[in-house]
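Asks: My questions all concern the structure below.
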Amino acid sequence: MTSHKRLVSRRDFLTIGSGALLVGNLPFGSPLAAAADMAAPEAGDIDTWTSESPFLTRAFALVFDERNDANLPIEGEIPKGLRGVFMRNGPNPEFKPDEHYAYPFDGTGMIHAIYLENGRARYRNRWVLTKELARERAAGQRIYNSTFSPPPHANLANTNIIHHGGRYLALYEGGAPYEMDRDINTVGLFNYDGKLPGAMSAHPKVDPASGELLAIAYHLETGGLVYLRADKTGQLDRAVTFQAPWPAIVHDVAITDRHVVAFICPLVFDFSRKGPPAVWEPDRGTMVALVPRDAHAAEDVKWIKGPPFFHWHAVNAFAEGDRIEIVVPWYDAFSLTSAARKLELHRLVIHTDTNIVEDQTIDDRPCEFGRINDAYLGRRARYGYVGLRDPRPGETPQPGAFEAIARYDLQTGKKTVHQFPPGVTICEPVFVADPHGGQEEDGFIFTFVHEAASVGGSFMILDARRLENKPLAVIRLPRRVPAGLHGSWKAA
Ligand SMILES: [Fe+2]
């Protein structure tokens, strides 16, 4: 059975000027808009539009329909025992944004979900119906500005979706989470019974042993940080405020069995500047924040100075003795206005006895979106999986859309690559444990696949143990799913 909303095809081309910022975020200049005191309209007669922005074309071109498609064609076979739902978030603005629209931080989130049940697959997608989107639908026009434009700003709920404490949470680092149900209907804003002091992180980590959720939220204007911890039932039991040495993006953290680790990179924000609000100041180095997981106060946080670098994500970390090792996609410098940069996979070794930070190169090839078997999060994990830049002749790569997936054996350095054909790109490769397996590598890689030449797209299941092999299953989708950000699997 297939159904989707009726579309109104009013083509209205939006041009974004060349002065648009490439990347960046002003997430904490965005107070939550007043709640719309009205019944939330549903996606229905949505005006579609197109854009020439590099962030809204090719793999990022938007979709405007909300679908529910069952019994999808499958090439190959879904591995036995896989039952559950994979959800992935990503920006998909419903209304035309202003000229400063920037990947990856603008655009209200849309969740794309694949349900696996008894060897069959079903697809469903829904916008996160934030209060701001509801207001815009009621008004029939955009009300909120892009992140790099002046207020008002919306909670976009567009970066990640996880399942914790019995709730599906759509996450954004500039606001509180939005709770979704399993059918990806929006339940509403979730602020931990009023205990969340401000924004949430888009990248909390869940400890596989305790079930605790650990995160650090940040405030770009003040440099304020908040260590957040929720127990396995979703009760927030820590909200410890402390101060970064300068205002910086803290998009992701890593955990060990003892710490939450954050990097304050020398991309220094100052909104009183003219021009871009952030400047690369490598002489500051990078300050490592080691937050004890049981921290109660700012004084509990240990700071260590390391070499300058920038990162968005952490693949994994672990602590052994006086060493903490962290693997990150590593940028040698970062600018809000220039795409020129070096991106490599690095291992940072923090010596907590001598306060020295070593920087080791694992691979000089660009990669992003690293994941591991989450059962090993915060422990010594052998394998990391990343989106790998592997450009094909004649193609212009897009940031955030990768041509290959790599598995790194972090013990031996061996790299195994799954390459995709020309025109085909992927985003985050998510490791899903094989319910019949017991070893770290026993699992599958799930990812939505964008096919430039196809009206449809696909969802792919690869064998994590034999990543280079052809997919175990390719689920054909009735229409393309745009490149997006982060997602997760919840077994039934
Ligand atoms: Fe991210």
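Asks: For the stretch 374-487, with only Lys/Arg (+1) and Asp/Glu (-1) charged at the beta-carbon, what is the dipole magnitude about the Cα centre, in debye rounded to 20?
Replies: Details: 14 positive and 13 negative charges, 18 e Å.
The dipole of the stretch 374-487 has a size of about 80 debye.
Asks: Still on this model: Enumerate by residue number the chymotrypsin sites (Phe, Trp or Tyr not before Pro) in the stretch 180-282 meeting two conditions: DSSP loop (anything except H, G, I, E, B), and at most 12 other Cβ atoms within 10 Å of the site's Cβ. Let's see the in-between values first.
Replies: Numbers: sites: Phe190, Tyr192, Tyr218, Tyr227, Phe242, Phe263, Phe269, Phe271, Trp280; in loops: Phe190, Tyr192, Phe271.
Those satisfying the criteria are Phe271.
Asks: Using only DSSP helix segments of four residues or longer, with each worth -39500 (n - 2.57), what per-residue ellipticity at 222 nm results for the chain after dividing by its residue count and rounding to 500? The partial results should precede the final answer.
Replies: Numbers: 1 runs with 9 residues, N = 492.
Helices in the chain give a 222 nm mean residue ellipticity of -500 deg cm²/dmol.
Asks: Quick one: dipole size for the chain, taken about the Cα centre, charges +1 on Lys/Arg Cβ and -1 on Asp/Glu Cβ, in debye to the nearest 20. It would help to have the intermediate numbers written out before the result.
Replies: Working: 53 positive and 60 negative charges, 180 e Å.
Using only the charged Cβ atoms, the result is roughly 860 debye.
Asks: Out of residues 5 or more away from Met180 or on other chains, whose amide H comes under 5 Å of its own, with H placed 1.01 Å from N in the peptide plane?
Replies: Tyr168, Leu169, Ala170, Val187
Asks: Continuing with the same structure: Mind ordering 362-375, 281-294 by average Cβ neighbours within 10 Å, highest first? If you can, show how the numbers build up before the last one.
Replies: Working: 362-375: 19.9, 281-294: 17.2.
Ranking the peptides 362-375, 281-294 by packing returns 362-375, 281-294.
Asks: Apply the Karplus curve 6.51 cos²θ - 1.76 cosθ + 1.60, θ = phi - 60°, to the phi angles in the stretch 131-144 and return the couplings in whole Hz, x for Gly and Pro.
Replies: Calculated HN-Hα couplings, in order: 4, 5, 5, 4, 5, 5, 5, 5, 7, x, 7, 5, 10, 9 Hz.
Asks: 5 Å is the cut-off here: which amide hydrogens, built 1.01 Å from N in the peptide plane, fall below it relative to Glu94, excluding neighbours closer than 5 in sequence?
Replies: Thr108
Asks: Here is a further query. Output wanted: per-residue J couplings in Hz (rounded whole) for the stretch 456-465, from phi through Karplus 6.51 cos²θ - 1.76 cosθ + 1.60, θ = phi - 60°, x for Gly and Pro.
Replies: Result, ordered by residue: x, x, 8, 10, 10, 10, 9, 7, 4, 7 Hz.
Asks: Can you give me the long-range amide H partners of Asp434? Hydrogens built in the peptide plane at 1.01 Å from N, cutoff under 5 Å, separation of 5 or more residues or another chain.
Replies: Close amide H contacts, sequence-distant or interchain: Gly443, Phe444.
Asks: Classify the stretch 181-325 as rounded, prolate or oblate from the Cα gyration tensor: take a ≥ b ≥ c as the square roots of its eigenvalues, call it rounded if a/c is under 1.5, otherwise prolate when a/b beats b/c and oblate if not.
Replies: On the way: a/c = 1.84, a/b = 1.26, b/c = 1.46.
Oblate shape, in that a/c is at least 1.5 and b/c is the bigger or equal ratio.
Asks: Let me ask something additional. Give the shape of the stretch 244-382 as rounded, prolate or oblate, defined through the alpha-carbon gyration tensor: a ≥ b ≥ c are the square roots of its eigenvalues, a/c under 1.5 means rounded, and otherwise the shape is prolate if a/b is larger than b/c and oblate if not.
Replies: Details: a/c = 1.86, a/b = 1.28, b/c = 1.45.
In terms of gyration-tensor shape, oblate.
Asks: Okay, next question. Cut-off is 10 Å between beta-carbons; in what order do Asp207, Asp409 appear when sorted fewest neighbours first? Numbers along the way, then the final one.
Replies: On the way: Asp207 19, Asp409 13.
Result, fewest neighbours first: Asp409, Asp207.
Asks: Give the shape of the stretch 128-174 as rounded, prolate or oblate, defined through the alpha-carbon gyration tensor: a ≥ b ≥ c are the square roots of its eigenvalues, a/c under 1.5 means rounded, and otherwise the shape is prolate if a/b is larger than b/c and oblate if not.
Replies: oblate
Asks: With the calculation restricted to Cα positions, what are the radius of gyration and Dmax of the chain in angstrom?
Replies: When restricted to the Cα atoms of the chain, Rg and Dmax are 21.2, 64 Å.
Asks: Of Ala154, Val386, Phe448, whose Cα points farthest to the positive end of the dipole of the chain (charges on the beta-carbon: +1 Lys, Arg; -1 Asp, Glu; origin at the Cα centre)?
Replies: Of the candidates, Phe448 comes out farthest on the positive side.
Asks: What relative contact order, as a whole-number percentage, does the chain give when Cα pairs under 8 Å and 6 or more residues apart are counted? Present the calculation step by step, with values, prior to reporting the outcome.
Replies: Numbers: 1363 pairs, mean separation 62.9, N = 492.
13 percent.
Asks: Only counting other Cβ atoms within 10 Å, I'd like Thr186, Thr130, Thr108, Thr337 sorted with the fewest neighbours first. Numbers along the way, then the final one.
Replies: Numbers: Thr186 21, Thr130 28, Thr108 24, Thr337 13.
Lowest count first: Thr337, Thr186, Thr108, Thr130.
Asks: Determine the dipole magnitude for the stretch 203-364: charges of +1 sit on the beta-carbon of Lys and Arg, -1 on that of Asp and Glu, nothing else is charged, the reference point is the Cα centre, and the result goes in debye to the nearest 20.
Replies: 440
Asks: Same structure again: Which whole-Hz ³J(HN,Hα) couplings does the stretch 118-128 yield from phi under the Karplus relation 6.51 cos²θ - 1.76 cosθ + 1.60, θ = phi - 60°, glycine and proline marked x?
Replies: Per-residue couplings from phi come out as 6, x, 10, 10, 10, 10, 8, 9, 8, 5, 6 Hz.
Any read-out appearing in this document is the output of simple, stated calculations on the displayed coordinates, not a laboratory observation. Note that the coordinates shown come from a computational prediction; the quantities given were computed from them, not determined experimentally. Heads up, the Cβs are rebuilt from the backbone with ideal geometry, glycines too, and the neighbour counts pull from every protein chain shown.
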